[in-house]
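Every number here is computed from the coordinates shown, using simple stated rules; none is lab data. Being a predicted model, the structure only gives us computed values, none of them experimental. Positions of Cβ are generated from backbone atoms using ideal geometry, with glycine treated the same way; all protein chains shown enter the neighbour counts.
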Amino acid sequence: MARPNPGPEGTDSSPAQHRPPDQTRHHPVVLEQQAKRARDIQLRIADWITAYAGSMQFVYIHIVVFAVWILFIEHRPWPTLTLIVSLEAIFLSTFVMIGQNRQADFQQAKADHDFNEEELELKTNTQLTREIHTLTTELHNRLLGQARR
């Protein structure tokens, strides 16, 4: 693995340098979702099915199975194959909707977390700005008071 070029002082100032290579930083909502998925067997099964159904291996297997079925097992108009494919489409569309609902829940949780963090940062910045204004006013008054003497 290539290492980044060091900076002018001979050290790499990237934050990843101080973190072990196998630990990447994740959003707190991502960590919470990973923990939730690890605890729930139904979510793990749904993840596995969704990942498999979205793979090229799934496509290749279906191409082979459909070709064999059409050429060797059933002849016109393939009523059993039509039934099987329809049932499979129903279940796969259900898994797609489950995935979309979970993604929407994740996005909402992430947006809520980010909103709360931004609100806290805004309050902190507002407080700091007010304190800077107070200190600047006080300093200005002291300097003007000394200049008058």
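The distance linking segment 58-75 with segment 81-149 is 50 Å (Cα centroid to Cα centroid, whole angstrom). Using only the C-alpha atoms, the convex hull of segment 26-143 corresponds to 142 Å³ per residue. A Förster radius of 41 Å, combined with the Cβ-Cβ distance separating residue 64 from residue 37, puts the computed FRET efficiency at roughly 0.85. All other residues with a Cβ under 12 Å from the Cβ of residue 109 taken together, and with Lys, Arg as +1 and Asp, Glu as -1, what is their net charge? Result for the local shell: -1.
Quick check on segment 49-96: take the gyration tensor over C-alpha atoms, sort the square-rooted eigenvalues as a ≥ b ≥ c, and tell me if it's rounded (a/c under 1.5), prolate or oblate. Note, shape of segment 49-96 comes out oblate.
About the centre of its Cα atoms, segment 26-143 shows a dipole size close to 320 debye [charges on the beta carbon of Lys, Arg (+1) and Asp, Glu (-1) only; nearest 20 debye].
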